[in-house]
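Peer 1: Pasting a structure here, questions to come.
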Amino acid sequence: VAKIASDPNYFTYLQECAPDARIVLGDGRRSLTAAPQGEYDLLILDAFTSDAVPIHLVTREAVALYLNKLAPGGLLVFNITNRHLDLQTVIGNLAEDAGLTTRVQHDLSIDPRDAGRGKMASQWAIVARSATDMGPLANDPRWIRPRIRPGTSAWTDNFSSLLSVYVWN
């Protein structure tokens, strides 16, 4: 994965990053435990689009860890795109449980030119300690408060319910 991510034939992000950007291989949550408190301004979690959702990355305990590693004003960004699960409910419940604020964007209409460059429909959630931390996104009409399914609650390391957020078609 690191080799492909570093190959400019596929991705240019790492080359356009700050020169000291480093790649840490391993389970994201476990690797993050070694990072200093307040180390990051931005944490992006992009592991949810497949059929096997890594639940341990979207629990109360995981969010507590992320917040511990975020600098003041830092943001959590989740790619919540998933064909089978309503992950905006999961993230919305976690944010509410932790006293955080969140917004979601459903970027589902893709221009054919963008599709030709590899862009796919996606859904994103931003979580912050306050709306002020989100900057202009807090009031951007494309970023809305998540719809949370009634009767659901924040997932924990000891309890999660895939059926409560399953998208029945």
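The values are calculated or read from the model by the stated rules, or taken from the named source; none is laboratory data. None of these values were measured; they are calculated from a predicted model. Positions of Cβ are generated from backbone atoms using ideal geometry, with glycine treated the same way; all protein chains shown enter the neighbour counts. Keep in mind that these areas ignore ligands, DNA and RNA; they rest on the heavy atoms of the full protein, side chains included. Shrake-Rupley method; radii C 1.70, N 1.55, O 1.52, S 1.80 Å.
Peer 1: Using θ = phi - 60° and the Karplus form 6.51 cos²θ - 1.76 cosθ + 1.60, what ³J(HN,Hα) does each residue of the stretch 25-42 get, whole Hz, x for Gly and Pro?
Peer 2: So the J values, rounded to whole Hz, are 8, x, 4, x, 5, 5, 5, 5, 4, 7, 6, x, 4, x, 6, 10, 8, 8.
Peer 1: To continue, here is another question. For a quick check of your reading of the filter: which trypsin sites (Lys or Arg not before Pro) in the stretch 52-152 sit in a DSSP loop and have no more than 15 other Cβ atoms within 10 Å?
Peer 2: Answer by residue number: ARG83, ARG117, LYS119, ARG142, ARG147.
Peer 1: Of all alpha-carbon pairs in the chain, indicate the percentage at a distance above 21 angstrom.
Peer 2: Across the chain, Cα pairs with separations above 21 Å total 52 percent.
Peer 1: Carbon and sulfur: what percent of the chain's accessible surface (1.4 Å probe)?
Peer 2: On the chain, the fraction of accessible area on carbon and sulfur atoms equals 55 percent.
Peer 1: Continuing with the same structure: Assigning unit charges at the beta carbon (Lys, Arg +1; Asp, Glu -1) and nothing else, what dipole magnitude in debye, to the nearest 20, does the stretch 1-88 show about its Cα centre?
Peer 2: Result for the stretch 1-88 is approximately 200 debye, rounded to the nearest 20.
Peer 1: Given all pairs of different Cα atoms, what value in angstroms does the Kirkwood hydrodynamic radius of the stretch 1-67 take?
Peer 2: Mean inverse Cα-Cα distance, inverted, gives 13.9 Å.
Peer 1: Among DSSP bridges having both ends in the chain, what percentage is antiparallel? Round to the nearest 5.
Peer 2: Taking every DSSP beta bridge within the chain, about 75 percent pair in antiparallel fashion.
Peer 1: Considering only DSSP states other than H, G, I, E and B, which GluC sites (Glu not before Pro) in the stretch 8-92 qualify as loop sites with at most 14 other Cβ atoms within 10 Å?
Peer 2: GLU39
Peer 1: When the convex hull of the Cα atoms of the stretch 64-114 is projected onto a plane and the area is averaged over all directions, what value comes out in nm²?
Peer 2: Taking the Cα atoms of the stretch 64-114, their convex hull projects to 5.0 nm² on average.
Peer 1: Of the residues THR12, THR49, THR89, which exhibits the maximal mean-square fluctuation in a Gaussian network model of the chain defined by a 10 Å Cα contact cut-off?
Peer 2: Greatest mean-square fluctuation among the candidates belongs to THR12.
Peer 1: Given 0.36 nm per residue, what is the gain on full extension from ILE23 to SER130 after removing their alpha carbon distance, in nm?
Peer 2: Result: 35.6 nm gained on full extension.
Peer 1: Would you compute, from DSSP H runs of 4+ residues alone, the mean residue ellipticity of the chain at 222 nm, taking -39500 (n - 2.57) per run and dividing by the full residue count, rounded to the nearest 500?
Peer 2: -5500 deg cm²/dmol, from helical runs alone.
Peer 1: Follow-up question, since we're still on this one. Below 8 Å between Cα atoms, with a sequence gap of 6+, how large is the relative contact order for the stretch 40-95 in percent?
Peer 2: 51
Peer 1: Output the relative contact order of the chain, whole-number percent, from Cα pairs under 8 angstrom with separation of 6+ residues.
Peer 2: Normalised by residue count, the contact order of the chain is 23 percent.
Peer 1: Sticking with this structure for a sec: Hey, got the dipole for the chain? About the Cα centre, +1 on K and R Cβ, -1 on D and E Cβ, debye to the nearest 20?
Peer 2: Value, rounded to 20: 240 debye.
Peer 1: Same structure again: Within the chain, what is the longest stretch that has no chymotrypsin sites (Phe, Trp or Tyr not before Pro) placed in a DSSP loop and near at most 16 other beta-carbon atoms within 10 Å?
Peer 2: Free of exposed loop sites, the longest segment is 12-158.
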